[in-house]
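Just below is one structure, and these are the notes that go with it.
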2 protein chains.
Amino acid sequence: MTIEAAKQKSTTTHAVDSIRSLIFSGELAAGTDHLESELAERLGISRTPVREATLMLAQQGLLEVRPRKGVRICALSVKDMEEVYAVLTELESLAAEDAARMGYSTRELASLKSAIDSMDRAIAEQNLEDWATADDQFHHELVRLGGNSRVQAIVTMMSDQVRRARSITLHIRPLPVKSNEDHRELYEAIKRGDPLAAREIHRRHRSQARELLVGILHRHRLSFL
Amino acid sequence: MTIEAAKQKSTTTHAVDSIRSLIFSGELAAGTDHLESELAERLGISRTPVREATLMLAQQGLLEVRPRKGVRICALSVKDMEEVYAVLTELESLAAEDAARMGYSTRELASLKSAIDSMDRAIAEQNLEDWATADDQFHHELVRLGGNSRVQAIVTMMSDQVRRARSITLHIRPLPVKSNEDHRELYEAIKRGDPLAAREIHRRHRSQARELLVGILHRHRLSFL
DNA sequence: GCATCATTTTGCGTATACATTAATTTATCC
DNA sequence: GGATAAATTAATGTATACGCAAAATGATGC
């Protein structure tokens, strides 16, 4: 572990991080309402940074500000997940295409490779949490390599929503073995500089992931989470 | 014109709108810095709603909050415009595809058609401002018909950036005649329910628009605006 | 007993006050 | 004269105070 100066965050930043965590951990459950004053007290800070934090999180689609009713944590319907997956499919495919066009060296692709290896290991050990973490890392690396900062920002936002849904669905879906074959194939396409192949491989990958997830949600009657 | 109750906006909302306008009109020029207190005084309000507004606008990519230096209005480099166009190309093409899949009636496509007609008229009259307005309307309608609310939100954000660049480039570029042929062709594809054609037509359209704009920016040495 | 109106409470939006820290200026030392 | 350090200023981040409007509660009339 690296030694880092304890970077002092502003209270507003702390509020953003804390509220995000509370949402992801489910302590602020989807669909529930929470007053500014309640959140402020919970975090031991005043309403001002809480307000600023909620405004930002609202822009990010994690909650809704409803005057006098408190902020409502966004519930994710199946339609929401379909929307999110559609956006991710498009933008990550673009990133894959762009990444393949960049002519990255093996060294520059090391972190992508490393993410894939981590996923392999996690699957071998049947450790779903590790797999999910590595999967996040893979997708994050992919868009980083794509080099479009706006795509990165959007994908990060959308990935947040996927992560929320996945915390529910992770344990009721099959081991994502095929998923990893796709990732390797994509890695190869990027390494050999084949933009169109990279694009199509990832597009297919995301489509299948989308259908898998939507299928699960429907079968388990998880229309909202 | 419909009679509407003058909806009373909150001061924060007013601040967001005002600062946006000031940015679009160029009164807050790209690359310039502005203190919270300066903006507050300018708008005749306190710092609180200004802060909230700037935080939101920062999330939307229109400005950057730089502690102790004031907020900096984002300058758009050629790379920025390329990024924006890349995102728009992907997401609008998706919207076109989805719209074609919806099986909309002629009546439901009326506003799209109307936008195209407005563009035709504007071109005939060589009225570039009207053309730009109609073009915005067209793209807005297109993503609305696509039915993905996240795509709509993202495209709206990106369109803001295009609009800023366009206010500079509008008068130094050729009359967008070809552009309108594309729009008609897309309209037809959506009407007859041909998703793949709709997707490809719009993709091509956006690619060309992107190359046109980037070419202009380069030729005129407009690396930043 | 129910509806309507008055009253009270609550939560939010905004302003303001205050503390903190970065930037700037000034003074001092070599 | 230049550099360094102290002092001052300035801008932000945060807390608090306040007024208003919506919701909730209670009272009154029928």
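Would you mind calculating the relative contact order of chain B from Cα pairs under 8 angstrom and at least 6 residues apart, reporting the percent as a whole number?
Computed value for chain B: 25 percent relative contact order.
Counting Lys +1, Arg +1, Asp -1, Glu -1, what net charge surrounds B:ALA58 among other residues with beta carbon under 15 Å of its beta carbon?
Taking every Cβ under 15 Å from that of B:ALA58, the sum is 0.
Compute the accessible area per residue over chain B, keeping the other protein chains in place, probe 1.4 Å, unit Å².
49
Would you work out the charge dipole size for chain B about its Cα centre, treating the Cβ of every Lys and Arg as +1 and the Cβ of every Asp and Glu as -1, and quote it to the nearest 20 debye?
440
Please say if the range B:180-225 is rounded, prolate or oblate, where rounded means a/c under 1.5 for a ≥ b ≥ c the square roots of the C-alpha gyration tensor eigenvalues, and otherwise the choice is prolate for a/b larger than b/c and oblate otherwise?
prolate
Which three extents, in angstrom, do the Cα atoms of the range B:83-165 have along their principal axes, listed largest first?
34, 33, 15
Nearest 500 deg cm²/dmol is fine: what mean residue ellipticity at 222 nm does chain A get from its DSSP H runs of n ≥ 4 alone, each adding -39,500 (n - 2.57), divided by its residue count?
-23000 deg cm²/dmol
Given R₀ = 51 Å, FRET efficiency for A:LYS9-B:LEU196 by Cβ-Cβ distance, to 0.05?
0.60
Compute the angle between helix A:195-219 and the longest alpha-carbon principal axis of chain A, please, reported from 0 to 90 degrees and rounded to the nearest 10.
Its long axis makes an angle of about 50 degrees.
Along its three principal axes, how long is the range B:78-219 when you only count alpha carbons? Whole Å, largest extent first please.
42, 32, 22
Which distances, shortest first and in nm, link B:GLY31 to the matching position in the other copies, using label points set 7 Å out along Cα to C-beta?
List, nearest first: 5.2 nm.
As a test of the definition: which semi-axes, in Å, follow for the protein assembly as shown when you take the square root of five times each eigenvalue of its alpha carbon gyration tensor? Largest first, please.
Ellipsoid half-lengths, sorted descending, are 34, 31, 23 Å.
As a test of the definition: with a 1.4 Å probe, what buried accessible area, both sides summed, do you compute for B against A, in Å² to the nearest 100?
2300
Would you mind checking which residues have amide H under 5 Å from B:ASN148's amide H? H placed 1.01 Å from N; only 5 or more apart, or other chain.
So B:ASN148 has HN proximity to no qualifying residue.
Find out how many positive minus negative residues lie around B:LEU213, taking Lys and Arg as positive, Asp and Glu as negative, among other residues whose Cβ is under 13 Å from that of B:LEU213.
Once positives and negatives cancel, what remains is +3.
Compute the accessible area of each residue in the range A:147-182 twice, once for its chain alone and once with every protein chain present, using a 1.4 Å probe on heavy atoms, and list those whose area falls by at least 50 Å².
Listed by number, the residues meeting the 50 Å² cut-off are A:ARG150, A:ILE154.
How are the C-alpha pair distances of the range B:144-225 spread across 10 Å bins, as whole percents from the shortest bin up?
Distribution as computed: 15, 40, 34, 10, 0 percent.
Considering only the label points, 7 Å along Cα→Cβ from Cα, what distances in nm to one decimal separate A:GLU211 from the same position in each other copy, shortest first?
Listed shortest first, these distances are 3.4 nm.
In the range B:96-174, which trypsin sites (Lys or Arg not before Pro) are in a loop and have at most 14 other Cβ atoms within 10 Å, using DSSP for the loop call?
Answer in residue order: B:ARG107.
Dipole size in debye (nearest 20) for the range B:170-225 around its Cα centre, Lys and Arg Cβ +1, Asp and Glu Cβ -1?
220
Can you give me the C-alpha center-to-center distance between the range B:191-224 and the range A:161-207, rounded to a whole angstrom?
If we compute the Cα centre of each part, the gap is 28 Å.
Please return the longest stretch of chain B lacking exposed loop sites, where GluC sites (Glu not before Pro) count only if DSSP places them in a loop and at most 14 other Cβ atoms lie within 10 Å.
Counting only loop sites that pass the neighbour cut-off, the longest clear stretch is B:126-225.
Note down the relative contact order for the range A:1-93 as a percent, whole number, built from C-alpha pairs under 8 angstrom at least six residues apart.
With pairs under 8 Å counted, the relative contact order is 28 percent.
Which trypsin sites (Lys or Arg not before Pro) from the range B:1-83 combine a DSSP loop assignment with at most 13 other Cβ atoms within 10 Å?
Answer in residue order: B:LYS7, B:LYS9, B:ARG68, B:LYS69.
Output, in nm with one decimal and in ascending order, the distances from the B:THR48 label point to the matching label points of the other copies (7 Å from Cα along Cα-to-Cβ).
So the distances to the same position in the other copies read 1.0 nm.
Give the share of C-alpha pairs in each 10 angstrom bin for the range B:11-73, from 0 to the last occupied bin, in whole percents, shortest bins first.
Bins of 10 Å from zero give 25, 66, 9 percent of pairs.
Can you tell which of B:HIS218, B:GLN8, A:THR32 lies farthest toward the positive end of the dipole of the protein assembly as shown, using +1 and -1 charges on the Cβ of basic and acidic side chains (Lys, Arg; Asp, Glu)?
After comparing all options, I get B:GLN8.
So which lysines pass the test for A:LYS113, namely a Cα distance under 16 Å, with those fewer than 8 places away in the same chain ruled out?
Within the straight-line cut-off, A:LYS113 pairs with A:LYS191.
When the accessible area of chain B is split by element with a 1.4 Å probe, what percent falls to carbon and sulfur?
Of the solvent-accessible surface of chain B, carbon and sulfur hold 52 percent.
For the range B:1-70 and the range A:34-72, what is the separation of their Cα centres, given in Å?
If we compute the Cα centre of each part, the gap is 21 Å.
Could you compute how fast the range A:136-190 diffuses translationally, taking Rh as the Kirkwood radius over C-alpha pairs and applying Stokes-Einstein at 10 °C with viscosity 1.306 mPa s? Give it in µm² per second.
After rounding, the answer is 126 µm²/s.
Name the residue from B:GLN137, B:PRO195, A:MET119 whose Cα lies farthest towards the positive end of the charge dipole of the protein assembly as shown, charges +1 on Cβ of Lys and Arg and -1 on Cβ of Asp and Glu.
Going by the Cα projections, it comes out as B:GLN137.
With +1 on the Cβ of every Lys and Arg and -1 on the Cβ of every Asp and Glu, and nothing else charged, how large is the dipole of the range A:11-73 about its Cα centre, in debye rounded to the nearest 20?
Computed charge dipole of the range A:11-73: roughly 180 debye.
Just the Kirkwood number for the range B:45-97, please: inverse of mean 1/r across all distinct Cα pairs, in Å, one decimal.
Evaluated on the range B:45-97, it is 13.1 Å.
Using only the Cα atoms, work out Rg/Rh for the range B:1-131, with Rh taken as the Kirkwood radius, to two decimals.
My calculation puts Rg/Rh at 1.08.
The values are calculated or read from the model by the stated rules, or taken from the named source; none is laboratory data. What you see is a predicted model, and the numbers here were worked out from it, not measured in a lab. Reconstructed Cβ throughout: ideal geometry from the backbone, glycine too, with neighbour counts over all protein chains shown. Keep in mind that these areas ignore ligands, DNA and RNA; they rest on the heavy atoms of the full protein, side chains included. Shrake-Rupley method; radii C 1.70, N 1.55, O 1.52, S 1.80 Å.
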